[in-house]
Amino acid sequence: MTTAQAATSTRPKALVLRGPGTNCEDETLRALRMGGADADLLRTDVAAREPSRLDGYAVLVIAGGFSYGDDLAAGRVWGSSLRSGNGDGGALGGGLGGALKAHVARGGRILGVCNGFQVLVESGLFEPGTTHEERSIALFANASNHYECRWVTLEVQESRCDWLVAGERMPTPVAHGEGRFAVKDDSALERLRSQGQIVLTYVNDKGKAGEPAGYPANPNGAVADIAGICDPTGRVVGLMPHPERNLDPWNHPQWTRLEGSGPRRTEGEGLAFYRALVESASRASL
C-alpha cells in the first residue's frame, strides 16, 4: 500500500444523497472533501433499491435544492417516502428510511442542509416514533412571503450535537422560500430545549445579548430564532443556512473589510463546520 493509499484509508467516508431537483451536491462534496472525508455521490432512487449501498459510510448528507420541485411542500415528497420506506418497499423510499435509522443507531452521522433539512423534518427522523399526524415540528413559508437570499449570523447553542462548540458564531448564506421553523405548541418548543435539540439560532450582531434577532437577521420568522436542530441522539442535524457556500475566505461579500479588521482569514467559516462533522464521524465506532 502506498503512503497516499494509507492516508486515504484513514479518512472517514461520506455520502451525499441527491434526488430530482437537488442542486447543491457539488459544493457539498467539495466541503466534505476539504473537511477531510472521502466523499461520494449517490442518487436516491439507487439508494432506495439498494440500501446496502449506505454501508461503510460514516456521514450521510442530503444536500440542498428543490427536491421533486417542492410541489406539495418543501421536502415533502422525498421526506414522506423516507418515513414510509422502512424496509417494506415503500413506493419511493424502498428500504432507505430503515437504512437511515440503522445508520444512526450504529453511530453514523446524518446532515440535512436547506432542502435536506426540510426532507429530514418530513421524514420524522427528528421525532422518532411519531407519525406524520403526530409530528410537532414543521418548516413553513417565510414570514416575509418571499424567497430570502442573504447572509445571516448563526450562533451555536448547547445541545446534544457534540461536534459544534456552543457560543461560536458563523456568518452563513441563506437561500430559501420555506425556512420558517415552527412548533405545534409551547410544550413542543420546551421539549426541544429540554432535550438539547436546538443546535443553531439566528442572531443579530448589532443587538443586545438575549434579544430576539428580528428581521432580517432572522430571515424567515422562525420561532425562537431556530436555524437548526438535531435528533435526541445528536447524530442527525439539519439547518436551513448553507455552510458549504462559505468555504473560502473570499466567499463572504465583505471579505476585504474582514481582512483589514483582524487576523487574516485563511478559510471561510463554513469549512470549520464540515471539518468538525467529519472529525466527529472519525471518532465514532461504526
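The values are calculated or read from the model by the stated rules, or taken from the named source; none is laboratory data. Keep in mind it's a predicted model, so treat the numbers as computed, not measured. Positions of Cβ are backbone-derived with ideal geometry, glycine not excepted, and every protein chain shown enters the neighbour counts.
Just the residues that are in a loop (DSSP other than H, G, I, E, B), of a type outside the set (D, E, K, R), out of contact with any helix residue (DSSP H, G or I) (no Cβ under 8 Å at 6 or more places or on another chain) and crowded, with 18+ Cβ neighbours inside 10 Å, please, taken from segment 108-148.
Within segment 108-148, Cys114, Asn142 meet the criteria.
Which one is farthest from Ile110 (Cα to Cα) among residues in segment 149-174 that are surrounded by fewer than 18 Cβ atoms within 10 Å (Cβ to Cβ) and among the small types (Gly, Ala, Ser)?
Among those residues, the one meeting the criterion is Gly167.
Quick check: is even one residue across segment 177-184 of a type in the set (Asp, Glu) and either under 15 Å from Asn142 (Cα atoms) or out of contact with any helix residue (DSSP H, G or I) (no Cβ under 8 Å at 6 or more places or on another chain) (or both)?
Within segment 177-184, one or more residues are of a type in the set (Asp, Glu) and either under 15 Å from Asn142 (Cα atoms) or out of contact with any helix residue (DSSP H, G or I) (no Cβ under 8 Å at 6 or more places or on another chain) (or both).
Take the residues in segment 18-57 that are farther than 26 Å from Arg83 by Cβ and out of contact with any strand residue (DSSP E or B) (no Cβ under 8 Å at 6 or more places or on another chain), then tell me which one is surrounded by the most Cβ atoms within 10 Å (Cβ to Cβ).
Among those residues, the one meeting the criterion is Ala31.
Go through (1) over 26 Å from Ala284 (Cα atoms); (2) at pLDDT 95 or above; (3) over 16 Å from the mean Cα position of the chain (by Cα); (4) surrounded by 15 or more Cβ atoms within 10 Å (Cβ to Cβ) one by one and return the number of the condition Asn251 breaks.
So the condition that Asn251 fails would be (2).
Could you tell me which numbered condition Leu277 fails, if it satisfies all but one of (1) surrounded by 24 or more Cβ atoms within 10 Å (Cβ to Cβ); (2) modelled with pLDDT under 90; (3) of a type outside the set (D, E, K, R)?
Of (1) surrounded by 24 or more Cβ atoms within 10 Å (Cβ to Cβ); (2) modelled with pLDDT under 90; (3) of a type outside the set (D, E, K, R), only one is false for Leu277: (2).
So how many residues does segment 92-146 have that are touching a Lys or Arg at 6+ places or on another chain (Cβ under 9 Å) and among the charged types (D, E, K, R)?
Final tally of qualifying residues: 4.
What single numbered condition from (1) over 17 Å from the mean Cα position of the chain (by Cα); (2) more than 21 Å from Val278 (Cα to Cα); (3) surrounded by fewer than 23 Cβ atoms within 10 Å (Cβ to Cβ) fails to hold for Asn218?
Condition not satisfied by Asn218: (3).
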